[in-house]
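Presented below is the structure to which this report refers.
The values are calculated or read from the model by the stated rules, or taken from the named source; none is laboratory data. The model shown is predicted, which means the values in this text are computed figures rather than measured ones. Neighbour counts are summed over all protein chains in view; Cβ atoms, including those assigned to glycine, are modelled from backbone coordinates with ideal geometry.
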Amino acid sequence: MSTSIRQVSKRFNQTSALSSIDLSIEDGEFVAILGPSGCGKTTLLRLLAGFDTPTEGEIDMNGKLVAQKGRRIPPEQRNIGMVFQSFALWPHMKVKEQIRFPLRYHHFVEKQLQEKADERVGEMLSLVGLEDFGERMPHELSGGQKQRVAIARALAPKPSLLLMDEPLSSLDAELRMELRNEIQRIHRKTHISIVYVTHDQSEALAMADKIVVMKDGKIEQVGTPEEIYRKPKTVFVAAFVGKANIFRGSWNNSIFHPFGDNRIHWTVPYVSENLYKEQLCPIRPEQLGLSKQGSGVEGIVRNAQFQGKEMHYTVEVQGELILVHCGLFEQFKIGDKVVIQLKQQNTVNDFLFDERLGNDRSKLRETIPLH
Ligand code: ATP
């Protein structure tokens, strides 16, 4: 199902939870809504589900108007499935009954599915890898198994859109990774459109076709995981996704002088128009290296954390804290004077999308040494 959200705002008394949201969700697309607590993710999901009414704007599903200012079609008249953080299983029902329930009562279930409900329940149990758990009660399941049942229940009536609200956040780290793979596999198999709300950037990067980064009720950036990670348009996106250090300094075409020091030349493949104008440069901790001497940004190691396969250093530079991730062979002590350097990583392809350069290859030659 394709969904179109046009200029949607939602206010709760004095609180503006969403303002002027424009977004399209294509048929079969996996869209992650990513942002910190209170940015409006759940409110957007509730508007899509039909639990709430927009204060302004319109929502279309498959070309049909389902919500507009002050009016909405209720959830049962939209062909959607929902999965919540809290699983929301009925405590008195066996697993197979949980999955059969919506086949009986969901508005849009095809007659054929209703007639072959047992078969469909079996199919769903096998889709989520719980073939032998149909007779269990919810209290006899682990957290991960409960969430699998919730996913099977949501998918049983063949909804056109699956809404997932932080479905993995109450599970432990290992299970989260396992269920990520499961959800991806299920998406590939069913081709259902998914809107997946999360505050966990790694979940969004790992699973989504498209990420919508939100802040304070507004969309900061929409893009593929790679675009969002490698080409952040704002300070917020750079810092929230990928935990980038935001260096202040000065730009001269594609050369950045950190802290305005003209002796240091960092060739940076991409920077957004916004950040360029503000004379800022986002650089992730793994793009930096440390050494005892040489040219670079001078600082003092203030903290060091052993992380198994690498070291995480916090380096103070002119009163600011910069995070640097290094290999284990580079060891520094707290209090060491160090030099921060940008690792060599430039590729010509990165420049092809540079907003300042556009796609003009002649300009590329002026700014990048092509060898
Ligand atoms: P979290 O990740 O913590 O769940 P969120 O991004 O989902 O946060 P929302 O729950 O959508 O954020 O809330 C967005 C804003 O709207 C918040 O400031 C919240 O306090 C406010 N809000 C949400 N629901 C209501 C409500 N029913 N009445 C008043 N304010 C509300």
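Of the residues making up the range 118-132, those that are in a helix (DSSP H, G or I) and either surrounded by fewer than 18 Cβ atoms within 10 Å (Cβ to Cβ) or charged (D, E, K, R) (or both) are D118, E119, R120, G122, E123, S126, E131, D132.
Just one of the numbered conditions (1) closer than 17 Å to F108 by Cβ; (2) assigned to a strand (DSSP E or B) is not true of E58: (1).
Tell me which residues, restricted to the range 299-317, are surrounded by 13 or more Cβ atoms within 10 Å (Cβ to Cβ) and part of a loop (DSSP other than H, G, I, E, B). Correct list: E310 only.
Residues in the range 9-36 that are within 18 Å of D165 (Cα to Cα) and β-branched (V, I, T): I25, V31, I33.
Summed over the range 36-51, residues that are surrounded by 17 or more Cβ atoms within 10 Å (Cβ to Cβ) and either more than 8 Å from the ligand (Cβ to nearest atom) or not assigned by TED's automatic domain parsing to the domain that holds S24 (or both) total 4.
Every listed requirement among (1) more than 16 Å from V31 (Cβ to Cβ); (2) touching a Phe, Trp or Tyr at 6+ places or on another chain (Cβ under 9 Å); (3) hydrophobic (A, V, I, L, M, F, W, C) is met by A239 save one, (2). Within the range 232-282, being charged (D, E, K, R) and crowded, with 20+ Cβ neighbours inside 10 Å holds for one residue alone: K233. Looking at R11, is it surrounded by fewer than 16 Cβ atoms within 10 Å (Cβ to Cβ), within 15 Å of the ligand (Cβ to nearest atom) and modelled with pLDDT of 95 or more? Against the criterion (surrounded by fewer than 16 Cβ atoms within 10 Å (Cβ to Cβ), within 15 Å of the ligand (Cβ to nearest atom) and modelled with pLDDT of 95 or more), R11 qualifies.
Let me confirm something: among E76, E135, E123, E110, which residue is without any contact (Cβ under 8 Å) to a residue 12 or more places away in the chain and in the same structural domain as A49 (by TED's automatic domain parsing)?
Values: E76 fails: without any contact (Cβ under 8 Å) to a residue 12 or more places away in the chain; E135 fails: without any contact (Cβ under 8 Å) to a residue 12 or more places away in the chain; E110 fails: without any contact (Cβ under 8 Å) to a residue 12 or more places away in the chain.
Only one candidate qualifies: E123.
Residues that are in the same structural domain as P102 (by TED's automatic domain parsing), touching a Cys at 6+ places or on another chain (Cβ under 7 Å) and assigned to a loop (DSSP other than H, G, I, E, B) are absent from the range 176-195 altogether.
With respect to A17, is the statement that it is more than 15 Å from the ligand (Cβ to nearest atom), touching a helix residue (DSSP H, G or I) at 6+ places or on another chain (Cβ under 7 Å), in the same structural domain as R136 (by TED's automatic domain parsing) and not charged (D, E, K, R) true? Working first, answer last.
Working: more than 15 Å from the ligand (Cβ to nearest atom): no; touching a helix residue (DSSP H, G or I) at 6+ places or on another chain (Cβ under 7 Å): yes; in the same structural domain as R136 (by TED's automatic domain parsing): yes; not charged (D, E, K, R): yes.
Judged against the criteria, A17 is not a match.
Mind listing just one residue for me: the one in the range 328-356 that is part of a helix (DSSP H, G or I) and in contact with a helix residue (DSSP H, G or I) (Cβ under 8 Å, 6 or more places away or on another chain) and, of those, modelled with the highest pLDDT? Break it down into steps so the answer makes sense when it comes.
Taking the range 328-356 as the starting set, the residues that turn out to be part of a helix (DSSP H, G or I) are 348-352.
Cutting the leftovers down to in contact with a helix residue (DSSP H, G or I) (Cβ under 8 Å, 6 or more places away or on another chain) gives us 348, 350-352.
Working: V348: 35, D350: 43, F351: 37, L352: 35.
The qualifying residue modelled with the highest pLDDT is D350.
When the range 253-302 is limited to residues that are touching a helix residue (DSSP H, G or I) at 6+ places or on another chain (Cβ under 6 Å) and of a type outside the set (S, T, Y), the one that is modelled with the lowest pLDDT turns out to be P269.
So if I check each of I151, I219, which one is assigned by TED's automatic domain parsing to the domain that holds D22 and either hydroxyl-bearing (S, T, Y) or over 12 Å from I99 (Cα atoms) (or both)?
On the way: I151 fails: either hydroxyl-bearing (S, T, Y) or over 12 Å from I99 (Cα atoms) (or both).
I219 is the lone residue from the list that is assigned by TED's automatic domain parsing to the domain that holds D22 and either hydroxyl-bearing (S, T, Y) or over 12 Å from I99 (Cα atoms) (or both).
For V195, the stated conditions hold: it is under 14 Å from the mean Cα position of the chain (by Cα), at pLDDT 95 or above and within 16 Å of the ligand (Cβ to nearest atom).
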